[in-house]
1. Note down all Cβ pairs under 7 Å where the first residue falls in the range 173-192 and is part of a helix (DSSP H, G or I), the second is among the charged types (D, E, K, R), and they're at least six residues apart or on different chains.
2. Count, please, the residues in the range 88-132 that happen to be part of a helix (DSSP H, G or I), among the charged types (D, E, K, R) and over 17 Å from residue 14 (Cβ atoms).
3. Return the residues of the range 193-217 that are part of a helix (DSSP H, G or I) and either closer than 14 Å to residue 105 by Cβ or under 15 Å from the mean Cα position of the chain (by Cα) (or both); say none if nothing qualifies.
4. Right, residue 26: within 23 Å of residue 82 (Cα to Cα) and either open to solvent by 50 Å² or more (accessible area, probe 1.4 Å) or near the ligand (Cβ under 8 Å from one of its atoms) (or both) or not?
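The values are calculated or read from the model by the stated rules, or taken from the named source; none is laboratory data. These numbers come from a predicted model, not from an experiment. As a convention, Cβ positions derive from the backbone with ideal geometry for all residues, glycine included, and neighbour counts pool all protein chains shown. Side chains included, ligands, DNA and RNA excluded: accessible areas come from the protein's heavy atoms. Shrake-Rupley method; radii C 1.70, N 1.55, O 1.52, S 1.80 Å.
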Amino acid sequence: MAGLKLYGMPMSSCTARVLTCLHEKEVEFELVSVDLFTDQHKQPSFLCKNPFGQIPALEDGDLTIFESRAITEYISKKYKDQGTDLIRHESLEESTMVKVWSEVEAHQLNPVLKPIIYQFFVSPMQGKTTDQAVINENLEKLGKLLDVYEDRLGKTTYLAGDFYSLADLHHLPYLFYFMKTPWSSLVNERVKVKAWWEDISNRVTFKKVSEAMKIWN
Ligand code: GS8
């Protein structure tokens, strides 16, 4: 019997982040559709799960949580003894490095990738004009960030160390959409980043999740 209920949409990057985690942890769950296109996320029935009106949200019995990265951490801790150990719970040093590179994704990479994805895919879907200046400005920042990643991935196979973790997993959804833009060479021209991307994006768990990730027509 599925105890966990995930509210969201498979094509949403933040929902995809949680779905990938659930598959890595081999946890049973039920996906409850919240349709952004019909504003279901702004209805009282969803606002009581996330007062900010954004997907995803997770219900586990009486506990309701939102923020995709907090949800993945919760799942990884609750089910620490099954599936992939995404938080390296037995080592303070390793778990701290997982946290460090998870923070890098949230506070360095995500703010740069999000406007590129938004301008390239979402704006046209909403009938708005793509602002190329915003894209260019963020592509420049992205190049500099990826230089840091190239350096890091020259020292360890994955971001937090020589093990796949939440730090890598958190990168998957936005980078997946970014790799569908004309600027994927920013990743592919960096040997270590490219090898890392090919490795993490080809994991069976993410392959399954990404099949439903389509924000283009
Ligand atoms: C962001 C959630 C979010 O932007 C998280 O969960 O990590 N920091 C939060 N959700 C988007 C869909 S993401 O693909 C969303 O719900 N957008 C609709 C809106 O903001 O109205």
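1. That search, which allows pairs on different chains as well, returns 173/17; 174/114; 187/194; 188/194; 192/150.
2. 3
3. 193, 196, 197, 200, 201, 205, 206, 207, 208, 209, 210
4. Criteria met by residue 26.
For (1) more than 15 Å from the ligand (Cβ to nearest atom); (2) touching a residue at least 12 places away in the same chain (Cβ under 8 Å); (3) open to solvent by less than 30 Å² (accessible area, probe 1.4 Å), each residue gets a yes or a no:
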| position | (1), (2), (3) |
| --- | --- |
| 54 | no, yes, no |
| 67 | no, no, no |
| 71 | no, yes, yes |
| 84 | yes, yes, no |
| 88 | yes, yes, no |
| 98 | yes, yes, yes |
| 102 | no, yes, yes |
| 113 | no, yes, yes |
| 120 | no, yes, no |
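Yes/no matrix, rows are residues, columns are (1) open to solvent by 50 Å² or more (accessible area, probe 1.4 Å); (2) under 30 Å from residue 93 (Cα atoms):
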{"position": "125", "(1), (2)": "yes, no"}
{"position": "129", "(1), (2)": "yes, no"}
{"position": "138", "(1), (2)": "no, no"}
{"position": "157", "(1), (2)": "yes, yes"}
{"position": "167", "(1), (2)": "no, yes"}
{"position": "172", "(1), (2)": "no, yes"}
{"position": "175", "(1), (2)": "no, yes"}
{"position": "187", "(1), (2)": "no, yes"}
{"position": "213", "(1), (2)": "no, no"}
